[in-house]
């Protein structure tokens, strides 16, 4: 069975601080995908990244970066120089690498960025 | 940019009534999903749909639920006799940009309130 754990329920930082959101996953599959979604207060789910299990290169997109480590089954997300607009709930998710596979979500981390 | 559209954004219904939640997936996508999120909790998979049939469903998706793609563009979720515990945000998602359909782009959600 697949499982995603986001141990940090809530994080509060001051603007311009860097913040890392942790994600640990469990799966018996050797091939799988990992995702991060952002859920702002308006409620929609905004896709941030998809990473397949064969690609352990870290990825950077502007102020966002992701650190995938298969050895520790982790896929952590760092926001550099956080801004108030980053305040949201962030979900990590996992899917098997097969057709129409469902996403298994973690419980989310609520990030509050204050001035 | 193409997006998944859900209607209505908010629906209030009386317990025992039938509701139909509507979704227009991204036009060239082949895989369709419904997820739900009870307030303050994680996003949970309900059902996936491909080639005009259900590919997978969770234990939540019991006989009270059904899905349909009636006209080649809409994708609907019907709840036959709503219960108080069906109150949640329901998300439609579609995928198909990737070769295996594991990408999932979510709609903005329908908040269902059962009173």
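Please treat every number below as a calculation from the coordinates, not as lab data. Here the structure is a predicted model, which means the values were calculated and not measured. Please note: Cβ atoms are built from the backbone with ideal geometry, for glycine as well, and neighbour counts cover all protein chains shown.
Considering segment A:16-27, and only residues there that are part of a loop (DSSP other than H, G, I, E, B) and surrounded by 12 or more Cβ atoms within 10 Å (Cβ to Cβ), the residue that is farthest from the chain's Cα centre (by Cα) turns out to be A:17. Does residue A:89 meet the test of being in a strand (DSSP E or B), more than 14 Å from chain B (Cβ to nearest Cβ) and touching a residue at least 40 places away in the same chain (Cβ under 8 Å)? Against the criterion (in a strand (DSSP E or B), more than 14 Å from chain B (Cβ to nearest Cβ) and touching a residue at least 40 places away in the same chain (Cβ under 8 Å)), residue A:89 does not qualify.
Okay, residues lined up against (1) out of contact with any strand residue (DSSP E or B) (no Cβ under 9 Å at 6 or more places or on another chain); (2) not in a loop (DSSP other than H, G, I, E, B):
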residue: A:4; (1), (2): no, yes
residue: A:7; (1), (2): no, no
residue: A:29; (1), (2): no, no
residue: A:38; (1), (2): no, yes
residue: A:48; (1), (2): no, yes
residue: A:51; (1), (2): no, yes
residue: A:54; (1), (2): yes, no
residue: A:67; (1), (2): no, yes
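Taking the conditions (1) closer than 29 Å to residue B:58 by Cβ; (2) more than 12 Å from the chain's Cα centre (by Cα); (3) away from every other protein chain (no Cβ under 14 Å); (4) buried (at least 21 other Cβ atoms within 10 Å of the Cβ) in turn, residue A:30 satisfies each one other than (4). Only a single criterion out of (1) buried (at least 17 other Cβ atoms within 10 Å of the Cβ); (2) more than 10 Å from the chain's Cα centre (by Cα); (3) touching a residue at least 60 places away in the same chain (Cβ under 8 Å) is not satisfied by residue A:10, namely (1).
If you go through segment A:54-84 and keep only what is farther than 22 Å from residue A:26 by Cα and without any contact (Cβ under 8 Å) to a residue 12 or more places away in the chain, you end up with A:60, A:62.
Is it true that residue A:61 is surrounded by 13 or more Cβ atoms within 10 Å (Cβ to Cβ) and either away from every other protein chain (no Cβ under 14 Å) or out of contact with any strand residue (DSSP E or B) (no Cβ under 6 Å at 6 or more places or on another chain) (or both)? No: the conditions fail for residue A:61.
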